[in-house]
Amino acid sequence: MTTKHTELQYLPPDLKKELLPQHVAVIMDGNGRWAKRQGLPRIMGHKAGVDAIKDLLRCCKDWGIKALTVYAFSTENWKRPQEEVEFLMTLFQRVLRQELREMVEENVQIQFVGNLQALPKALQEEISRSMAETKDNRSIRFTVATNYGGRQEIVQACRAIALKVQQGLLQPEEISEEVFESHLYTAGVADPDLLIRTSGEMRLSNFLLWQMAYGEIYITDTLWPDFDRVEFHRALSVYQQRERRFGKV
């Protein structure tokens, strides 16, 4: 742990605990650009990005934030070069295997959302094991969106609801926001209060389209591997200055 991280182990005094977001979501963008600036292969940016995830997770736990969701691999990311995709699948598998014991010790609950059946079998096995071994943990819920797409999620929810209507298990007039939400990948998890996107891109990129209806969005030019506790502190400071009205005056 660096000196900068040690200094920010505890919640900074200028942040109000009662105004912290309970659920933070992150679009981790800029790994490839970070590697290029360092004169390194793109895969080295993904490795550096893993370290940033680990520190942000521990920071959320240290500061009392109850849920963190990260966008690890989108349904569109399969279009990347095959070598990079294969490296990412292997990296996910290796990190899960290496970090699981520590996640258990730190009482972290791990969840994966997305079309997991399309992932390599070995990775699916690691995902199932990590979720099973941490299902009773309660310090923080860490959700990893893998082979995830917001539109895909909405379509599969519609199909599941339509099937129930077809089977006579649900009447059309019984379909509500609550019913719809119960068929999403994220069922049972509160919507994000804050979405952070690194690298300066100003779009949702098919991430949590339903869930972000009233979430606050924070954009930073910082590339993901450089997003540390100082940057997170800055994002939370901006968040706490906003007035969340949820459509009210």
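Could you state the accessible area per residue of region 190-249 in Å², with a 1.4 Å probe and every protein chain left in place?
It amounts to 50 Å² per residue over region 190-249.
So, in nm, how far is label R244 from label S176 when the simple model puts each one 7 Å beyond its Cα toward the Cβ?
That separation, rounded to one decimal, is 2.2 nm.
What's the long-distance tail for the chain, i.e. % of Cα pairs beyond 27 Å?
Result for the distance tail: 38 percent.
Extending each Cα 7 Å along its Cβ direction at Q166 and K16, get the distance between those two points in nm, one decimal.
5.1 nm
Given a 1.4 Å probe, how much area per residue of region 25-160 is accessible, in Å²?
On a per-residue basis, region 25-160 sits at 48 Å².
Report, to the nearest whole %, how much of the accessible area of region 102-158 belongs to carbon and sulfur atoms, 1.4 Å probe, protein only.
50 percent
Taking the highest mean first, how do the peptides 42-52, 163-173 order by number of other beta carbon atoms within 10 angstrom per residue?
So the peptides 42-52, 163-173, ranked by packing, come out 42-52, 163-173.
At q = 0.16 Å⁻¹, what is the base-10 log of I(q)/I(0) for region 122-201 according to the Debye formula with one equal point scatterer per Cα and no solvent? Please give it to two decimals.
-0.86
Pull up the cross-link candidates among the lysines for K17, meaning alpha carbon to alpha carbon under 18 Å and not fewer than 8 places away within one chain.
The reachable lysines, counting only those whose Cα sits under 18 Å from K17, are K61, K66.
Modelled label-to-label distance, R138 and C158, 7 Å Cα→beta-carbon offset: nm?
If labels sit at R138 and C158, their model points lie 3.9 nm apart.
The values are calculated or read from the model by the stated rules, or taken from the named source; none is laboratory data. It should be emphasised that the depicted structure is a prediction, and the values quoted were computed from it without experimental measurement. Positions of Cβ are generated from backbone atoms using ideal geometry, with glycine treated the same way; all protein chains shown enter the neighbour counts. Heads up: the accessible areas ignore ligands, DNA and RNA and are worked out on the full protein's heavy atoms, side chains in. Shrake-Rupley method; radii C 1.70, N 1.55, O 1.52, S 1.80 Å.
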